[in-house]
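No value in this document is a laboratory result; all are computed from the given coordinates. What you see is a predicted model, and the numbers here were worked out from it, not measured in a lab. Note that each Cβ is placed from the backbone with ideal geometry, even for glycine, and that neighbours are counted across all protein chains shown.
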Protein chains: 2
Amino acid sequence: MSDAFFTEYFYYKSLGFTAKIKKLLHSEESPWQKIDVYETERIGKLLTLNGKTMVSELDEFVYHEVLAHVSYAVARQHRRVLIIGGGDGGVVREFVKHPDIEQIDLVEIDERVVEVSKIYFPECTVGLSDPRVRVLCEDGIKFIEEKIDPGSYDIVIIDSTDPEEMAEGLFTDRFYKAINRALSPEGIMLAQTENPFLDEFGLKKIYDNLRAAFPSVESFTAPIIIYPGAYWSFAFASKKFRGTDLNPHKQAQMQKLQQTLRWYNMDWHRGAFALSNFHRKQIGQE
Amino acid sequence: MSDAFFTEYFYYKSLGFTAKIKKLLHSEESPWQKIDVYETERIGKLLTLNGKTMVSELDEFVYHEVLAHVSYAVARQHRRVLIIGGGDGGVVREFVKHPDIEQIDLVEIDERVVEVSKIYFPECTVGLSDPRVRVLCEDGIKFIEEKIDPGSYDIVIIDSTDPEEMAEGLFTDRFYKAINRALSPEGIMLAQTENPFLDEFGLKKIYDNLRAAFPSVESFTAPIIIYPGAYWSFAFASKKFRGTDLNPHKQAQMQKLQQTLRWYNMDWHRGAFALSNFHRKQIGQE
């Protein structure tokens, strides 16, 4: 395996990202997908699902800090948090940094992702042992549609793979409406929504679905170097708040916390919601 | 050439970007570098210099609008503009949209880049025929150090390749000080400064060099999908202004112009300067 490279093709297989690897650390077919972990030459360990990059030691902090702290900083209520997907545990690790969150439910369809992450990405899964965290290995769609009382959560994070195969249902208006029901009156939902430049999955349709379910829908961006084209968009949806409506009662707390974070700070948070003309057009805004 | 791919390796050759190509349209060894133009499958034509991506039809508007309009929107004086590098003409195309600029000098060391761009990227070079534009095919360092009177330009853009080989001298404190001398008292300089995640060329040193030459130095970002890791940083340096000090007398004019642009708007401009903790650390800020 000398000079071996992992390569992921995307944008209708016309572009690709490649990383030199030292070693294949783990490979298995779970009931849901192929799970591989590589030791790369320069960007640490790399987790892929069905050949798509998910987590690397180079930049996992960006994705995980962004999803957790952008939602928390705006939320007025934050007793109960739900994460759908995210079996690597990185988003949970960031949420447990907030002492006033009482319950964090992680609903990951593939328990093997959780187990493999515990072995190879312990710095991501470290939060899973927090007593406030429940790890539920089941289908996120069924969970939200069948098991949850209205208003159960204050924050819902959709930390999913691309809108295809088993994750396709996580981008529909039906699912977003179910999330709206599951949220408390001041609730907030965040979701990853792909790269606006490489619009392979219909970004405008995804945002139309969000707008059908929530009165306030915005988009923001953060770079994930290992993802296709790196320029990554996220949706912020709420019944009441805008993405830049930071909770005034949390500013001092967030000011203190952000000194310990590697990516997130409140200035960056506000700036990330200022979209280019191109991004606005791609999501059908204005 | 069926299923042929162009691949650029970066970050000490440990990562790569690859694009499926239909056809090699042009290839030559100029006195300065290897110049190739590909017709790709999905992202239009692609210009590479020494095997490094420079311009694609997918995203050239981002880079070119950003360099021209971020500098113009802040500048209080903008009679004379200098662009060092940028032989594809894209930055010039954006500057000629401002009727109150009187002179635009493009100093590109390799006239073949200009000629090849005229053939394959006419949408970029369209501004070069504007009567205010002078195209000077010479060494940007010698030009600025030997030929320019102090205070000659109001805006200087360094649209260069990576800090190596012939472009290395464009990232030194000596060069930045020469640019400072060439600028008018309210002058502004912008430069591309690589990807903060893949710090192959010493980002902190580059920003230290800038800080040695200018009292006000900031960084901002914009995505260039075809560049290594896509998350691209730029330096804003000035004798007097901060990057978010938009000229209040230009707001109405910029408001009108930005309706015709594909990327730039003033909200995005302000947001792009709000840096993550990571970015601040990489450039040695605070």
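Given the convex hull of the Cα atoms of segment A:217-267, what is a quarter of its surface area in nm²? Present the calculation step by step, with values, prior to reporting the outcome.
Numbers: hull surface 18.0 nm².
That works out to 4.5 nm².
Is the shape of segment B:1-48 best called rounded, prolate or oblate, per the rule: a/c under 1.5 gives rounded, else a/b larger than b/c gives prolate, else oblate, with a ≥ b ≥ c the square roots of the Cα gyration tensor eigenvalues? Don't jump to the answer; show the numbers that get you there.
Values: a/c = 2.12, a/b = 1.01, b/c = 2.09.
Note, shape of segment B:1-48 comes out oblate.
Hey, for A:GLY151 with labels 7 Å out along Cα-Cβ, what do the inter-copy distances come to in nm, ordered shortest first?
7.0
Taking a point 7 angstrom from the Cα of B:ARG42 along the C-beta vector, which residues in segment A:197-215 have backbone N less than 20 Å away?
Zone members listed by number: A:197-207.
With each pseudo-label sitting 7 Å past Cα toward Cβ, what's the A:LYS204-A:GLU29 distance in nm, one decimal?
4.0 nm
Is segment B:60-282 rounded, prolate or oblate when judged by the Cα gyration tensor, a ≥ b ≥ c being the square roots of its eigenvalues, rounded requiring a/c under 1.5 and prolate requiring a/b larger than b/c? The partial results should precede the final answer.
Working: a/c = 1.18, a/b = 1.07, b/c = 1.10.
It is rounded, given that a/c, with a ≥ b ≥ c, falls under 1.5.
Taking Cα atoms of the protein assembly as shown, Rg/Rh with Kirkwood Rh, to two decimals?
Working: Rg = 24.1 Å, Rh = 24.7 Å.
Over the Cα atoms of the protein assembly as shown, Rg/Rh equals 0.98.
Lys/Arg Cβ at +1, Asp/Glu Cβ at -1, dipole of segment B:93-238 taken about the Cα centre: which of B:HIS98, B:VAL135, B:MET166 is farthest positive-ward?
B:HIS98
Roughly how big is segment A:4-56's charge dipole about its Cα centre, with Cβ charges of +1 (Lys, Arg) and -1 (Asp, Glu), in debye to the nearest 20? Don't skip to the answer; put the middle values down first.
Working: 8 positive and 6 negative charges, 37 e Å.
With Lys and Arg at +1 and Asp and Glu at -1, about 180 debye.
How high is the relative contact order of segment A:210-269, in percent, with contacts defined as C-alpha pairs under 8 Å that are six or more residues apart? Walk me through the intermediate numbers first.
Details: 61 pairs, mean separation 15.2, N = 60.
Computed over segment A:210-269, the figure is 25 percent.
Give me the distance in nm between label points sitting 7 Å out from Cα along the Cα-to-Cβ direction at A:LYS147 and B:GLU146, one decimal.
Here the modelled spin labels are 7.5 nm apart.
In segment A:60-282, if the dipole is taken from +1 on Lys/Arg beta carbons and -1 on Asp/Glu beta carbons about the Cα centre, which of A:ALA191, A:TYR207, A:TYR72 is farthest to the positive end?
A:TYR72
Which whole-number percent gives the relative contact order of segment A:4-56, counting Cα pairs below 8 Å spaced six or more residues apart? Write out the running numbers ahead of the final one.
On the way: 98 pairs, mean separation 13.2, N = 53.
After rounding, I find 25 percent.
Taking the Cα centre of segment A:1-115 as origin, sum charge times position over the Cβ atoms of Lys and Arg (+1) and Asp and Glu (-1), and report the length of that vector in debye to the nearest 20.
Values: 14 positive and 20 negative charges, 55 e Å.
The dipole magnitude comes to about 260 debye.
Please arrange A:TRP32, B:TRP232 by how many other C-beta atoms lie within 10 Å of their C-beta, fewest to most. Walk me through the intermediate numbers first.
On the way: A:TRP32 16, B:TRP232 24.
Neighbour counts put them in this order, fewest first: A:TRP32, B:TRP232.
Taking the Cα centroid of segment B:256-286 and of segment A:247-286, what is the distance between the two, rounded to the nearest whole Å?
About 12 Å separates the Cα centre of segment B:256-286 from the one of segment A:247-286.
Quick one: dipole size for chain B, taken about the Cα centre, charges +1 on Lys/Arg Cβ and -1 on Asp/Glu Cβ, in debye to the nearest 20. Write down the numbers at each step before the final one.
On the way: 34 positive and 43 negative charges, 185 e Å.
That gives a dipole near 880 debye.
Can you tell me, using C-alpha contacts under 8 Å and at least 6 residues apart, the relative contact order of chain A as a whole percent?
Details: 585 pairs, mean separation 45.1, N = 286.
It rounds to 16 percent for chain A.
Rounded to the nearest 0.05, what FRET efficiency do A:GLU286 and B:ARG174 give with R0 = 41 Å and r taken as the Cβ-Cβ distance? Could you check?
On the way: r = 46 Å, r/R0 = 1.13.
Between A:GLU286 and B:ARG174 the formula returns 0.35.
What shape does segment A:197-286 have by the C-alpha gyration tensor, where a ≥ b ≥ c are the square roots of the eigenvalues, rounded means a/c under 1.5, and otherwise prolate means a/b greater than b/c and oblate the rest? If you can, show how the numbers build up before the last one.
Working: a/c = 2.53, a/b = 1.39, b/c = 1.82.
In terms of gyration-tensor shape, oblate.
Work out the mean other chain Cβ neighbour count within 10 Å for the residues of A:218-226 and drop it here as an integer.
On the way: counts 0, 0, 1, 4, 2, 12, 4, 10, 3.
Taking all residues of A:218-226 together, the mean is 4.
Past 19 Å, Cα to Cα: identify those pairs from B:LYS142/B:LYS204; A:LYS147/A:LYS205; A:LYS13/B:LYS20; B:LYS118/B:LYS256; B:LYS97/B:LYS256, in the order given.
Details: B:LYS142/B:LYS204 25 Å; A:LYS147/A:LYS205 27 Å; A:LYS13/B:LYS20 8 Å; B:LYS118/B:LYS256 29 Å; B:LYS97/B:LYS256 12 Å.
Over 19 Å Cα-Cα: B:LYS142/B:LYS204; A:LYS147/A:LYS205; B:LYS118/B:LYS256.
Nearest 5 is fine: what % of DSSP beta bridges in the protein assembly as shown come out antiparallel, could you say? Could the numbers behind the result be given before it?
On the way: 77 of 115 bridges.
Here the share of antiparallel DSSP bridges comes out near 65 percent.
Roughly what would the spin-label model give for B:GLN103 and A:ARG262, points 7 Å off Cα along C-beta, in nm?
Output for this residue pair reads 5.0 nm.
If you average 1/r over every pair of different alpha-carbon atoms in segment B:136-247 and take one over that average, what Kirkwood value in Å do you get? Show your work: numbers first, answer last.
Values: mean 1/r = 0.0696 Å⁻¹.
Its Kirkwood hydrodynamic radius stands at 14.4 Å.
Just report the Cα centroid separation between segment A:215-238 and segment B:52-80, whole Å.
24 Å
From the label point of A:GLN103, set 7 Å along Cα to the beta carbon, how far off in nm is each other copy's matching point, shortest first?
Distances between equivalent label points, in nm: 7.2.
Please report, for B:GLN77, the nm distances (one decimal) from its label point, 7 Å out from Cα along the beta-carbon direction, to the equivalent points in the remaining copies, shortest first.
Spacings between copies for this position, smallest first, are 5.9 nm.
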